[in-house]
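Read the structure below first, then the notes.
Just so it is clear, none of the values below were taken in a lab; they were calculated from the coordinates. What you see is a predicted model; the values in this text were computed from it and never measured. Note that we place each Cβ from the backbone using ideal geometry, even for glycine, and neighbour counts take in every protein chain shown.
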Amino acid sequence: MVIIRKAVVEDKKAIIELHRHVARVSQGIARTEPEITEQYVDNLFCTIESQGLMLVAMDVTNQIVAGIHASKYGLLIFDHVLTGLTIAVHPDYQGKGVGKMLFRSFLEEVQQTFPEVGRIELESRASNQKSIGLYHSLGFVQEGRMKNKTRNVDGSFENSLLMAWTKPGFGYSS
């Protein structure tokens, strides 16, 4: 059982710890543990305040066990897009539906808070089949592949998949 709510500045320390913990896991998140600093999370909150959304999931002991965020580019021509989506789920809670529940709440909140947003973008390592399966189950589609974009901790490179979710009924011309 988890409770999902919007993140608040008072969550900063817990969000740092969550992201650092997930960063220790291979393919956990794109940032490495040393990159997850107070400044990084401060910048997230600044961006979210003006043009994005961050939700957290809390367990029965009120510990933050997952978080998700994305924001707008800040350019008028892309005002209909949220990008840079990042989801972090504590390893003890992975595979238990927490990420999917958090993601669904995020998509619902985006539609209520940002009616102009018709597209949400993310990138995933091509080898991260578990996450890719989750994204597909939520309606994300693969739109591209960037060769050797991601450098892994061991120094090897792998492809990054570009994926997007489009709001039902949202139309665009190609």
In nm, spacing of pseudo-spin labels at Asp59 and Leu138 (7 Å Cα→C-beta vector): 2.1
With Asp79 itself left out, Lys, Arg at +1 and Asp, Glu at -1 over residues whose Cβ is under 12 Å from its Cβ give +1
Between Tyr73 and Arg151, the FRET efficiency computed from the C-beta separation at R0 = 22 Å comes out, to the nearest 0.05, as 0.35
Of all the Cα-Cα pairs you can form in region 1-78, what percent are over 22 Å apart? 25
Which one, Leu53, Val8, Ala164, projects farthest toward the positive side of the charge dipole computed for region 3-166 from Cβ point charges (K/R +1, D/E -1)? Ala164
Sorted from fewest to most neighbouring beta carbons within 10 Å, what does the list Glu49, Glu158 look like? Glu49, Glu158
For Met58, Met163, which order do you get if you count the other beta carbons within 10 Å of each Cβ and list the fewest first? Met58, Met163
Note down the relative contact order for the chain as a percent, whole number, built from C-alpha pairs under 8 angstrom at least six residues apart. 17
Charged-residue dipole, Cβ positions (Lys, Arg, Asp, Glu), the chain about Cα centre, Debye nearest 20: 480
By the scheme Lys and Arg +1, Asp and Glu -1, what is the net charge of all other residues having a beta-carbon under 15 Å from that of Gln94? +2
Debye intensity ratio in log₁₀ form over the Cα atoms of the chain, taken at each q of 0.14 Å⁻¹: -0.75
In the neighbourhood of Ala57 defined by beta carbon distances under 12 Å, the net charge of the other residues (Lys, Arg +1; Asp, Glu -1) is +3
